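To start, the structure itself, in structure tokens.
The values are calculated or read from the model by the stated rules, or taken from the named source; none is laboratory data. Only a predicted model underlies this, so the values are computations on that prediction, with no experimental measurement involved. Cβ placement follows ideal geometry from the backbone for every residue including glycine, while neighbour counts extend to all protein chains displayed.
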Amino acid sequence: MQLTGAQMICESLLREEVDLLFGLPGGAILPFYQTLPQYPKLRHILVRHEQNAGHAADAYSRASGRVGVCVATSGPGATNLVTPLATAMMDSVPMIAITGQVPRAAIGRDAFQETDATGITLPITKHNYLVMSAGDVPRVMKEAFHIARTGRPGPVLIDFPRDVLTEKAEFQYPESVALRGYKPTLEGHGQMIKRAARLIKEARRPVILAGHGVIISGAFAELRELAEKAQIPVITTLLGISAFDEGHVLALGMPGMHGMAYNNWAIDRSDLLIAVGMRFDDRVTGRLSAFAPNARVIHIDIDPAEVGKNVRVTVPIVGDAKRVLHALAREVEQATHVDWIREINELRREHPSDKVRESSKLLPQYVIRELSEVTDGRALLVTGVGQHQMWAAQHYHFKEPNTWLTSGGLGTMGFEVPGAMGAWFARPDKAVWSIAGDGGFQMTMSELATMVEHKVNVKFAILNNNFLGMVRQLQDLFHDRSRVAVEYSGNPDFVMLAQAYGIWATRVTERAQVRKAIEDAMAVDGPALIDFRVEPEENVYPHVPAGESVAEMVEGPTLEGEAAWRR
Amino acid sequence: MAAVNGHVHTITALVEDRPGVLTRVSGLFRRRGFNISSLAVGASEQPNLSRMTFVVHGDEWVVEQVTKQLYKLVDVVRVNDISHEQVVARELALIKVKASADTRSEIIQIVDIFRAGIVDVAADTVIVEVTGDEEKVDAIMKLLKPFGIREVMRTGRIAMARGAAATGAKPASAPVAAQSAPDTEVVP
Ligand SMILES: Cc1ncc(C[n+]2csc(CCOP(=O)(O)OP(=O)(O)O)c2C)c(N)n1
């Protein structure tokens, strides 16, 4: 069958079970867009900015477990994808970016809207392609999807010169890929799994550190089985949140810089860390030389390069989290760790960073706690980056798997708006809440229009402090309260702004209004926005200063009052 | 025996012969801060595969990371740390030296001692070709320097396992987590 390059892309997308694209056209990619009407099964969502197409595709992937696709033209279209590609790369998200390029003969001549898309995105994609012949399209598409979603997933960019899109060639979609340099290991080494089981048997203070890998591989049941069988408490990293039911008695929540203080102390005392699909990021470990000084480490990860990268490992297990946990859960013996769990519960009482303190002010933590209760911990949350992100991570009690989407590795402000949009397209049945900062929201709020156009039923909770709050916190705590370039004195009236888009909105300034506002927003059929005017000077605690150990952790005000501070 | 000179390692990689593969590899070294002192690329005995040889400075942790990160590149098929193997390691250098009628015979003497060769003679220069390990190339350069070196071209080290075994017959198996990563400064 002779097809144009553009038709071949569409045929390939259908074969990869894609039915949704986020994008924005331009000259170089135009032949692709003009072909779309021939493929009504490919639904295209026209965005306001390519960055948002990228984040939407990313969130769509995270929420659905499928592969999100974004489309942009050459030059500025492609460069606008840089941030979402880097975001997806850091968080191991499978995603395909399709970009137009200037015609082959013009490449390298600084033609109008030429940019070296594959060069620019080299370090922020798992792999990328410049397709120089229509005959290569089927193979490249097949490889790209395979690479994006297997092994440790990641984004793949495919750059198509305009005349490759119009060139005709024979279309035959390959059955399989032939990549001699790419063969991810899925099955854990049997010997290593036995050794791990032995370490678990010997351990008296074991903890599981569950990361994004558990969610990516869908290892929820396997994680639970292991934890319950050997009675091991489960700590979830920022991206591991919602890998384990937070209502479970063994669930401990987040560790690290803004993690629960008792978790950091538990890790400090632990004699065995069972790390699954996490990579010992500096936000988790603090100073490496002081991290988990008493613990041996079992590290399970699909990416061999992560094992041993930051932390000395006793038993390395390279493989898919689901398969390895399944095998490990069979291998371990039943156990109880009554004393250890009691010890952690004591730590929890002494360091109650999971509790929201009493205050007459509208505390952002309180807003999150109310949202958690009203939605029964069953909403899907998408956040930006900063204080609001940390409060949501700390105080929302996630009950369902894979209901928390956030930019962890890159820390991309602005993810909250297009991310929530992409998540809703993946899971339109869910109550999708965007937990937004007033800073991040304004970076990407242009997508409100897109959301209205497609009746995207997302609820926005802006934790509005008129600050780049997290940076203000750093200045207040570590730079003598010298506030430089962190105050937003000219923020718009977010209620009026939403209304200008035809979005229902309300403002909350008092504690007493919180619950009703949430309920009202949920009753709206379509997008809704709540402008929570939260206490602007509130800080996120605990706070382990960057590069420090748990001993340097600042725990913040006590539960009773505003005045007393504890270290 | 290859130079396991302190913290110097010789690593070879078999890579797909595709556009951009050199950029991917060199970009990886730059981005992750790996310190390489030489990189040589050429065709291998297998069609569509090239072989690269790197000389990397660092401890076991660095070598382990280099190896694993290289493996993550889709175009990299096999990586070997041959620092601990019996290998023949060579590099080739072309050295353009000023040579007058007076100094030419002296230069030829040096060239002979090193079993090097003269591959071009002009009115006032000669080009010396020398093959050997880095020490040998360094040594001849040192002796030629007083005559006036105009230009030097060095290929960088290439290396091959001695005996019947093919270089890279067994994939690199750096010890897992020989040590923890050093603490570094991080973003506040
Ligand atoms: C794109 C981007 N630019 C800058 C930063 C650095 N940064 C981290 S948190 C933060 C403040 C975020 O402010 P806001 O969105 O209002 O959230 P808040 O911290 O107030 O909850 C900034 C500027 C970032 N993470 N991302």
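Assorted remarks:
- Candidates A:Pro161, A:Pro206, A:Pro233 - the one that is within 24 Å of A:Ala97 (Cα to Cα) and at pLDDT 95 or above: A:Pro161
- Hits in region A:409-428 - residues which are within 11 Å of the ligand (Cβ to nearest atom) and part of a loop (DSSP other than H, G, I, E, B): A:Leu410, A:Gly411, A:Thr412, A:Met413, A:Gly414, A:Phe415
- Some residue of region A:140-155 being within 12 Å of chain B (Cβ to nearest Cβ), over 30 Å from A:Met278 (Cβ atoms), of a type outside the set (D, E, K, R) and out of contact with any helix residue (DSSP H, G or I) (no Cβ under 9 Å at 6 or more places or on another chain): no
- Hey, A:Lys361 over 18 Å from the mean Cα position of the chain (by Cα), surrounded by fewer than 22 Cβ atoms within 10 Å (Cβ to Cβ), away from chain B (no Cβ under 14 Å) and away from the ligand (no atom under 11 Å from the Cβ) or not: yes
- Residue that is farthest from the other protein chains (Cβ to nearest Cβ) [pool: residues in region B:80-99 that are at pLDDT 95 or above and more than 13 Å from the chain's Cα centre (by Cα)]: B:Ala99
- Residue in region A:545-562 that is surrounded by 15 or more Cβ atoms within 10 Å (Cβ to Cβ), within 14 Å of another protein chain (Cβ to nearest Cβ), within 29 Å of the chain's Cα centre (by Cα) and within 16 Å of the ligand (Cβ to nearest atom) present: yes
- Here the helices (runs of 4 or more DSSP H) wholly within region A:20-103 that include at least 1 residues being charged (D, E, K, R) and under 21 Å from A:Thr125 (Cβ atoms) are A:50-64.
- The criterion of at least 2 residues that are more than 13 Å from the ligand (Cβ to nearest atom) is met, among helices (runs of 4 or more DSSP H) falling completely within region A:429-499, by A:448-453, A:469-478.
- Failed condition for A:His397, given (1) within 15 Å of the ligand (Cβ to nearest atom); (2) over 16 Å from A:Gly54 (Cβ atoms): (1)
- The number of residues in region A:370-383 that are surrounded by 14 or more Cβ atoms within 10 Å (Cβ to Cβ) and either away from the ligand (no atom under 16 Å from the Cβ) or over 26 Å from A:Gly419 (Cα atoms) (or both) comes to 7.
- Looking across region A:155-187, the residues that are under 20 Å from A:Asp116 (Cα atoms) and surrounded by 20 or more Cβ atoms within 10 Å (Cβ to Cβ) come down to A:Pro155, A:Val156, A:Leu157, A:Ile158, A:Asp159, A:Phe160, A:Pro161, A:Arg162, A:Val164, A:Leu165.
- Hits in region B:49-62 (condition: more than 14 Å from B:Thr10 (Cβ to Cβ) and either modelled with pLDDT of 95 or more or away from chain A (no Cβ under 14 Å) (or both)): B:Leu49, B:Ser50
- Scope region A:426-451; condition surrounded by fewer than 24 Cβ atoms within 10 Å (Cβ to Cβ) and touching a Gly at 6+ places or on another chain (Cβ under 7 Å); matching residues: A:Met443
- Of the candidates B:Val152, B:Val137, B:Val111, B:Val77, the single residue that is more than 14 Å from chain A (Cβ to nearest Cβ) and part of a strand (DSSP E or B) is B:Val152.
- Where a residue in region B:74-92 is touching a residue at least 40 places away in the same chain (Cβ under 8 Å) and under 15 Å from B:Gln46 (Cβ atoms) and its partner, wherever it lies, is of a type in the set (A, V, I, L, M) and assigned to a loop (DSSP other than H, G, I, E, B), with Cβ under 7 Å and at least six apart: B:Asn80/B:Ala172
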